[in-house]
Amino acid sequence: MYRASVGVTTSMNLSVTNWIGKNANALGIEGIWVGEDIDVGQETTVIVADLLTKAVGVRVGTGIIPIAVHNVSTIARAALTLHEIGAGRYILGVGLGGVQDLLKRNIHVKKPVSALRDVTEALRQLYHGEKVSKATELFSLQDFCLHVSEPVNIPIFFGVRGPQMLKLAGEIADGVILSGPTEYIRYAINLVDKTAEKVGREKNSIEKVVWSPTIPTFEGGNEKLAKSVVALVVADTPRQVLDLLDINIERATKICEAVASSGPKVAAEFVNDKFLETFAISGSKEQIVDRFEQLHTLGATEVVLGPPFSGNWRDAMEQIFQEIHSRREI
């Protein structure tokens, strides 16, 4: 059975994350993921620490910490602290960061695969108590050490999309965080698994988390907000991935251009029902859980609910988790 989790982002009001943290155990939420909107909203690791404290026994992860805008030593220290606060329940999810977010800040990573590999290797060395001296495209460390008395196991998940990044996840990641249409999820999981087997890893040792926008059509969901979120997802999807999909590429290009020039709210006007259906999980509670189960058959070990959250989202979330757990009892 897949793990059923909830996703939030730093741009959300704290009342949302507070409610989820306080009610996680009652709802049967098995994981909470915090996505960082670069330079927007709350501080990621503070939210994670609060959720680890509120949602006792629930796994909490970052989905993701963007390595292109954070110092690797800060990431390492924060993750070690969160690991201790959560008594091993923290997952460090990392990635480069959203394409549009990085472009707006004129951040260009020349060798993204090497950059993610370098950061991951440095983090693992630090968690094993080693002293690290290394200079790369994104960071420079000189005799840096965390001074841990014994090796610490902090799982590192990759939030990635492109084929080369997916292959890297299959090589060295403990898990991968995926988002996108069903045919892409199938492709991504297969690529991760094949790469893992090629390098001598057990493919089932790599967790596969699927986090796509979830839009309940009951309890007053906001369609405009949903289209805005989908527009951003489309714009952050690499062209080689879009080419894999059964979609109108001209419309996808318009969405990407509109997001880049005017933002996702303006781009939302180009998002039609086909794009909503392709890039988001929507419908009744039964239809949403049906999609979750379909993703599980493709190899997903965890499925994440939300965002966007609109309308009476609390009741919608309760009903969806009730549906999930009622099916498990059959």
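Residues are listed down the side, and each one gets a yes or a no for (1) of a type in the set (Val, Ile, Thr); (2) in a helix (DSSP H, G or I):
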| residue | (1), (2) |
| --- | --- |
| Val229 | yes, yes |
| Val233 | yes, yes |
| Thr237 | yes, no |
| Asp246 | no, no |
| Cys256 | no, yes |
| Ala260 | no, yes |
| Ile288 | yes, yes |
| Val303 | yes, no |
| Met317 | no, yes |
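Filter the range 119-141 down to residues that are of a type outside the set (A, V, I, L, M), surrounded by 14 or more Cβ atoms within 10 Å (Cβ to Cβ) and in contact with a strand residue (DSSP E or B) (Cβ under 7 Å, 6 or more places away or on another chain), then give me how many there are. Within the range 119-141, residues that are of a type outside the set (A, V, I, L, M), surrounded by 14 or more Cβ atoms within 10 Å (Cβ to Cβ) and in contact with a strand residue (DSSP E or B) (Cβ under 7 Å, 6 or more places away or on another chain) number 3.
Yes or no, residue by residue, for (1) among the small types (Gly, Ala, Ser); (2) without any contact (Cβ under 8 Å) to a residue 40 or more places away in the chain; (3) not assigned by TED's automatic domain parsing to the domain that holds Lys194:
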{"site": "Ile249", "(1), (2), (3)": "no, yes, yes"}
{"site": "Ala258", "(1), (2), (3)": "yes, yes, yes"}
{"site": "Ala267", "(1), (2), (3)": "yes, yes, yes"}
{"site": "Phe270", "(1), (2), (3)": "no, yes, yes"}
{"site": "Asp273", "(1), (2), (3)": "no, yes, yes"}
{"site": "Ile320", "(1), (2), (3)": "no, no, no"}
{"site": "Ile324", "(1), (2), (3)": "no, no, no"}
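Lys167 meets each of the listed conditions (1) basic (Lys, Arg); (2) more than 21 Å from the chain's Cα centre (by Cα); (3) over 16 Å from Val72 (Cα atoms) apart from (2). Candidates Ala24, Ala87: the one that is without any contact (Cβ under 8 Å) to a residue 40 or more places away in the chain, out of contact with any helix residue (DSSP H, G or I) (no Cβ under 6 Å at 6 or more places or on another chain) and either β-branched (Val, Ile, Thr) or buried (at least 21 other Cβ atoms within 10 Å of the Cβ) (or both) is Ala24. Evaluating Lys254 against the criteria (1) closer than 23 Å to Ala300 by Cα; (2) in contact with a Phe, Trp or Tyr (Cβ under 6 Å, 6 or more places away or on another chain) leaves one unmet condition, (1).
A single entry from Thr44, Thr17, Thr74, Thr10 fulfils the requirement of being of a type in the set (Val, Ile, Thr) and surrounded by fewer than 18 Cβ atoms within 10 Å (Cβ to Cβ): Thr74.
The values are calculated or read from the model by the stated rules, or taken from the named source; none is laboratory data. Note that the structure is predicted; figures quoted are calculated from it, not measured. With ideal geometry, Cβ positions are generated from the backbone for all residues, glycine too; neighbour counts draw on all protein chains shown.
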